[in-house]
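Just below is one structure, and these are the notes that go with it.
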Amino acid sequence: GKSMIVGSDTEALVAALQPDDAEDAPVLRLSRSGGTLSIRADAAPDLSAPVRVMLVRYHPRAEVAIQRGENRGRTITYTNIVTSLTDIGQWDGSSALQMDVGATGKQMSVVLLQEAGPGRIVAAAETQ
């Protein structure tokens, strides 16, 4: 919600996708062992405000045979199907981030550090 651009303006889109202050952004490190996802980041005292630690679980791809309706008989491929979005805590950056959360199953995991409200995402990382 920070920038307004026309999707067909490739140059503006690429520029908008470049992270602000990337050198100051915390670096998230994720590892998965069994059903546990470990989330780590070094202290980041320069955060402008505490961030929410969000866990996104998703399936990268699924093909679905449509049984009814106008698409009946077709097979549709869906991608990046989010199955859950969980707020797992808050981090103020004053000390290292160390969280372990349950992440069972074959779904992919993404962790976002997001400012309050529909705020900007200051860091993200992905693991299987």
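Rule-based calculations on the coordinates, nothing more; no lab input. Bear in mind the structure is a predicted one, so any value in this text is a computation, not a measurement. FYI the Cβ positions are ideal-geometry reconstructions off the backbone, even for glycines, and counts take in every protein chain you see.
Computed FRET efficiency, Cβ-Cβ of Val101 and Ala49, R0 25 Å: what is it to the nearest 0.05? Walk me through the intermediate numbers first.
Numbers: r = 22 Å, r/R0 = 0.90.
Efficiency for this residue pair is about 0.65.
Using the reciprocal of the averaged 1/r over all distinct C-alpha pairs, how large is the Kirkwood radius of the range 34-74 in Å?
Working: mean 1/r = 0.0647 Å⁻¹.
Across the range 34-74, the inverse of the average 1/r is 15.5 Å.
With no solvent and one equal point scatterer placed on each C-alpha of the chain, evaluate the Debye formula and give log10 I(q)/I(0) for q = 0.19 Å⁻¹, two decimals.
One equal scatterer on each Cα of the chain leads to -1.10.
Taking the Cβ-Cβ separation of Thr79 and Ile121 as r and a Förster radius of 22 Å, what is the calculated FRET efficiency to the nearest 0.05? Working shown, then result.
On the way: r = 20 Å, r/R0 = 0.91.
Given R0 = 22 Å and the Cβ-Cβ separation, E is 0.65.
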